[in-house]
Amino acid sequence: MASKDFDFEKALKELDEIASKLENTQTSLDESILLFEKGVKLSKECTQHLEKAKQKIATLTQEESVIND
């Protein structure tokens, strides 16, 4: 699970760097596998972070709707 101090923008930047390295034909197979594993982990953390944000927005929107009704 993503921690409270998770830096979403930093993770996206790191994912972009990983993708660039994986596209590089000079990257060894072993390094590519390690990069891929790290990318999958970062991707899952980003997804969890986005889901939490989505839930928070939905909750706030519902609360606002109740207040205005």
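Using a 1.4 angstrom probe on heavy atoms only, work out the carbon and sulfur share of the accessible area of the chain in %.
Numbers: 3300 of 5900 Å².
Within the chain, the accessible surface is 56 percent carbon and sulfur.
For mean projected area of the Cα convex hull in nm², pick the label among [x] 4.1; [y] 5.6; [z] 4.4 that corresponds to the value derived from the coordinates.
Label of the calculated value: [y].
Assign unit charges at the C-beta atoms only (+1 for Lys and Arg, -1 for Asp and Glu), then state the dipole size of the range 2-69 relative to its Cα centre in Debye, rounded to the nearest 20. Don't skip to the answer; put the middle values down first.
Numbers: 10 positive and 15 negative charges, 25 e Å.
The dipole magnitude comes to about 120 debye.
Can you list the residues of the range 29-59 with backbone N under 16 Å from a point 7 Å past the Cα of Asn68, pointing along Cα to Cβ?
Residues 57-59 fall inside that zone.
Would you list which lysines come within 20 Å of Lys38, measuring only between C-alpha atoms, while excluding same-chain residues fewer than 8 positions from it?
Lys4, Lys10, Lys13, Lys21
Using the Karplus curve 6.51 cos²θ - 1.76 cosθ + 1.60 with θ = phi - 60°, work out ³J(HN,Hα) for each residue of the range 51-68 in order, rounded to whole Hz, and write x for Gly and Pro.
Result, ordered by residue: 4, 4, 5, 4, 5, 5, 5, 4, 4, 5, 5, 5, 4, 5, 5, 5, 5, 7 Hz.
What is the helix-to-structure angle for 8-23, meaning the angle in degrees between its Cα long axis and the longest Cα principal axis of the chain, kept from 0 to 90 and rounded to the nearest 10?
Between the helix axis and the principal axis of the chain, the angle is about 30 degrees.
Can you give the extra length, in nm with one decimal, that the chain gains between Phe6 and Thr61 once fully stretched, where that is 0.36 nm per residue apart less the Cα-Cα distance?
Between Phe6 and Thr61, full extension yields 17.4 nm more.
Per-residue ellipticity at 222 nm for the chain, helices alone: DSSP H runs ≥ 4 residues times -39500 (n - 2.57), over residue total, nearest 500 deg cm²/dmol? Intermediate values should be presented prior to the final figure.
Numbers: 2 runs with 56 residues, N = 69.
Computed ellipticity for the chain at 222 nm equals -29000 deg cm²/dmol.
The values are calculated or read from the model by the stated rules, or taken from the named source; none is laboratory data. Just so it is clear, the model here is predicted, and its values are computed rather than measured. As a convention, Cβ positions derive from the backbone with ideal geometry for all residues, glycine included, and neighbour counts pool all protein chains shown. For accessibility, only protein heavy atoms count, side chains too; no ligands or nucleic acids. Shrake-Rupley method; radii C 1.70, N 1.55, O 1.52, S 1.80 Å.
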